[in-house]
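Undergrad: Can you keep this structure in mind? I'll have questions shortly.
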Amino acid sequence: MPSRTPGVGLLAATLLAAALTPLTVAAPATAATAAAKYADDFNGDGYRDLVVGDRTATVGGKKDAGAVVVVWGTARGLDPARHTVYTQDSPGVEGAAEAGDGFGAKVTTADLDKDGHADVVVTAPGEDAGSRRGMFTVLWGSKSGLSKGSSFTMGGDDRFAKDIAVGDFDADGRTDVVAVGDTYVWFLRGPFTQSGSRGRATNLDPVDGENISPELVVSGKVTKDGTADFAVVGYDWDTGSNRVWFYRGSGSGPVRPPKKYGLPASSDLVGSSAVIADFDRNGYGDLAVGVSRSGKGGAVQLLKGTSTGFSTRVTSLSQDTAGVPGVREANDYFGYDVSAGDTDGDGYPDLAVGVPTETLGREFWRAGAVTVLRGGRSGLTGVGSRQYDYATPGVQRPTDENDSWFGASVLLRDYNRDGRAELVGAAPEIGRLHFFPGTATGPTGTGSTALTARDLGLGNRPNFGAALAD
């Protein structure tokens, strides 16, 4: 998918339902460095870029075909005027946009081919290719942006790549991909190349004969051996409970069978999320699982990292936890999405928690909110946590906050390199993406901005998918 104009990524091939002409986008700045310092610097200019997946985009008249938007970073942070839209109809991307593909349902980033430019891994769980259903595509970074796309799929699994994670899990210096479907956990070894090749694929059954339904996969460094590990969150049909399976990375690949941990009961794992971060900076990565349908109103379940995996003790954080704003109420969906980052520059990762169906007062039904929990020596707690919503001073309020679902997708990332992560929060039901600047005391509504689907090049739409990469 070579660039047609120097300095410009692909022109958007997305034709939205009400639009019959390609989208026009501004050119990203380019000045590739020798190595990809950031896992989300796609043009190698030394600045982080933002990728947003929209599984609901109509492409060439095909509903829910899906699209991906990149907002390009600069020395001053993200520049919304510089954005590029990519679809399966973009030149050089394998496949074609089809109704129901859901391209952009999940996105993650890494430099898969070690060329100094980060790449974007995009899932399309609805992709139908004969006996195979589900696919992920790697949009390759280059000096001129994302330059082409290679697709990967596996037979024998429904909704292959409904979630993905990346990392070097076998300590060979090459980035691998773990993809979960409705039944299997697939380990795809690197190297991944722009010609479409990859290493060997292995089906990692947690335990031979165990009947599971994987829902999430998340990667990070849990132990202190320097090799990436990953965890799978899903439903264990043999025990009738939600579980976490921990796979420790090693020189021979992920250790199997993995360790298994129980999670508190919840009705299901739909609307769940997970991230690994060292919230107490003891050298071990902790697992935070947002289970939005757990109990009354949802919760974040925290499993602390150890030298052999996670602790069997589960700590639950919710709006009932001391210091956490709000009141725990049925169907708030606290934990619908989570993201880790240092919001105040103290060196400890914090956790942004989406609460998309939070009702504000008695007036604004399911307007939504984002709660930031602080990390520290004691780990992740409710002490010092803050809530951000449409009542936060400085936040650009829509005409009608009802049913906004603000917080359905959240991201903490330091785009202006000041040592403090900014907060990005999506309100997909009204087609908005909100940006909160970082300060010494955390994100602030003062100076915050909002972009609509139209601002992002996705057409004049009332809502969009808005999946953010973590």
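Undergrad: Can you name every residue in the range 285-302 that is in a loop (DSSP other than H, G, I, E, B) and within 14 Å of Tyr348 (Cβ to Cβ)?
TA: Residue satisfying the conditions is Gly285 alone.
Undergrad: Can you tell me which residue is surrounded by the fewest Cβ atoms within 10 Å (Cβ to Cβ) among those in the range 293-305 that are without any contact (Cβ under 8 Å) to a residue 60 or more places away in the chain and not hydrophobic (A, V, I, L, M, F, W, C)?
TA: Lys296
Undergrad: Out of everything in the range 157-171 that is assigned to a loop (DSSP other than H, G, I, E, B), in contact with a Ser or Thr (Cβ under 8 Å, 6 or more places away or on another chain) and not aromatic (Phe, Trp, Tyr), what residue ends up being most open to solvent (accessible area, probe 1.4 Å)?
TA: Applying the filter and picking the extreme gives Asp158.
Undergrad: Please determine whether any residue of the range 313-332 is under 20 Å from Pro428 (Cβ atoms) and not β-branched (Val, Ile, Thr).
TA: Yes; the residues of the range 313-332 include at least one that is under 20 Å from Pro428 (Cβ atoms) and not β-branched (Val, Ile, Thr).
Undergrad: Say we look at the range 35-53 and pick out the residues that are under 9 Å from His117 (Cα atoms) and hydrophobic (A, V, I, L, M, F, W, C); which of these is nearest to the chain's Cα centre (by Cα)?
TA: Ala39
Undergrad: Considering Asp403, Asp470, which residue is in a loop (DSSP other than H, G, I, E, B), free of Cβ contacts under 8 Å to residues at least 40 places away in the same chain and acidic (Asp, Glu)?
TA: Asp403 is the lone residue from the list that is in a loop (DSSP other than H, G, I, E, B), free of Cβ contacts under 8 Å to residues at least 40 places away in the same chain and acidic (Asp, Glu).
Undergrad: Going by what's in this entry, would Arg174 be described as of a type in the set (D, E, K, R), touching a Pro at 6+ places or on another chain (Cβ under 6 Å) and surrounded by fewer than 24 Cβ atoms within 10 Å (Cβ to Cβ)?
TA: It is true that Arg174 is of a type in the set (D, E, K, R), touching a Pro at 6+ places or on another chain (Cβ under 6 Å) and surrounded by fewer than 24 Cβ atoms within 10 Å (Cβ to Cβ).
Undergrad: Let me ask something additional. Kindly indicate whether Gly445 is within 18 Å of the chain's Cα centre (by Cα), farther than 22 Å from Ala124 by Cβ and surrounded by 18 or more Cβ atoms within 10 Å (Cβ to Cβ).
TA: In short, no.
Undergrad: Residues to consider are Phe246, Phe230; find the one that is surrounded by fewer than 24 Cβ atoms within 10 Å (Cβ to Cβ), of a type outside the set (Lys, Arg) and at pLDDT 90 or above.
TA: Of Phe246, Phe230, the one residue that is surrounded by fewer than 24 Cβ atoms within 10 Å (Cβ to Cβ), of a type outside the set (Lys, Arg) and at pLDDT 90 or above is Phe246.
Undergrad: What strands (runs of 3 or more DSSP E) completely inside the range 51-121 contain at least 3 residues that are under 30 Å from Gly173 (Cβ atoms)?
TA: Qualifying strands (runs of 3 or more DSSP E): 67-74, 107-110.
Undergrad: Which of the numbered conditions does Gly190 fail, given that it passes all the others? Conditions: (1) of a type outside the set (Asp, Glu); (2) surrounded by 22 or more Cβ atoms within 10 Å (Cβ to Cβ); (3) more than 25 Å from Val275 (Cβ to Cβ); (4) in contact (Cβ under 8 Å) with a residue 60 or more places away in the chain.
TA: Going through the list (1) of a type outside the set (Asp, Glu); (2) surrounded by 22 or more Cβ atoms within 10 Å (Cβ to Cβ); (3) more than 25 Å from Val275 (Cβ to Cβ); (4) in contact (Cβ under 8 Å) with a residue 60 or more places away in the chain, Gly190 breaks only (3).
Undergrad: Spot the failing condition for Arg198; the list is (1) in contact with an Asp or Glu (Cβ under 7 Å, 6 or more places away or on another chain); (2) surrounded by fewer than 23 Cβ atoms within 10 Å (Cβ to Cβ), and only one is missed.
TA: Failing condition for Arg198: (1).
Undergrad: Can you name the number of the only condition in (1) under 24 Å from the mean Cα position of the chain (by Cα); (2) farther than 30 Å from Gly190 by Cα; (3) modelled with pLDDT of 95 or more that Gly298 fails?
TA: The failed condition is (3).
Undergrad: Moving on. All but one of (1) closer than 28 Å to Gly73 by Cα; (2) in a loop (DSSP other than H, G, I, E, B); (3) open to solvent by 40 Å² or more (accessible area, probe 1.4 Å) hold for Arg386; which doesn't?
TA: Unmet for Arg386, out of (1) closer than 28 Å to Gly73 by Cα; (2) in a loop (DSSP other than H, G, I, E, B); (3) open to solvent by 40 Å² or more (accessible area, probe 1.4 Å): (2).
Undergrad: Okay, next question. Among (1) open to solvent by less than 10 Å² (accessible area, probe 1.4 Å); (2) at pLDDT 95 or above; (3) closer than 23 Å to Asp455 by Cα, there is one condition Asp119 misses while meeting the rest; what is its number?
TA: Of (1) open to solvent by less than 10 Å² (accessible area, probe 1.4 Å); (2) at pLDDT 95 or above; (3) closer than 23 Å to Asp455 by Cα, only one is false for Asp119: (3).
Undergrad: Looking at the range 412-437, which of its residues are modelled with pLDDT of 95 or more and among the β-branched types (Val, Ile, Thr)?
TA: The one that is modelled with pLDDT of 95 or more and among the β-branched types (Val, Ile, Thr): Val424.
Undergrad: Among residues belonging to the range 249-284 that are open to solvent by 40 Å² or more (accessible area, probe 1.4 Å) and of a type in the set (Ser, Thr, Tyr), point out the one that is modelled with the highest pLDDT.
TA: Ranking the qualifying residues of the range 249-284, first place goes to Tyr284.
Undergrad: I'd like to verify a number: residues in the range 172-204 that are outside any strand (DSSP E or B), on the phi < 0 side of the Ramachandran plot and of a type outside the set (S, T, N, Q), how many?
TA: Adding up the residues that qualify gives 13.
Undergrad: Could we say that Val207 is over 27 Å from Tyr86 (Cβ atoms), in a loop (DSSP other than H, G, I, E, B) and modelled with pLDDT of 95 or more here?
TA: no
Undergrad: Tell me yes or no: at least one residue of the range 374-395 is among the basic types (Lys, Arg) and in contact with a helix residue (DSSP H, G or I) (Cβ under 9 Å, 6 or more places away or on another chain).
TA: no
Undergrad: Can Leu433 be described as open to solvent by less than 10 Å² (accessible area, probe 1.4 Å) and closer than 28 Å to Gly345 by Cβ?
TA: yes
Undergrad: Let me ask something additional. Would you please name the residue that is surrounded by the fewest Cβ atoms within 10 Å (Cβ to Cβ), looking only at residues in the range 317-346 that are of a type in the set (A, V, I, L, M, F, W, C) and more than 22 Å from Arg420 (Cα to Cα)?
TA: Looking at the filtered set, the residue picked out is Ala322.
The values are calculated or read from the model by the stated rules, or taken from the named source; none is laboratory data. Because the structure is a prediction, the values reported are computed rather than measured. Please note: Cβ atoms are built from the backbone with ideal geometry, for glycine as well, and neighbour counts cover all protein chains shown. For accessibility, only protein heavy atoms count, side chains too; no ligands or nucleic acids. Shrake-Rupley method; radii C 1.70, N 1.55, O 1.52, S 1.80 Å.
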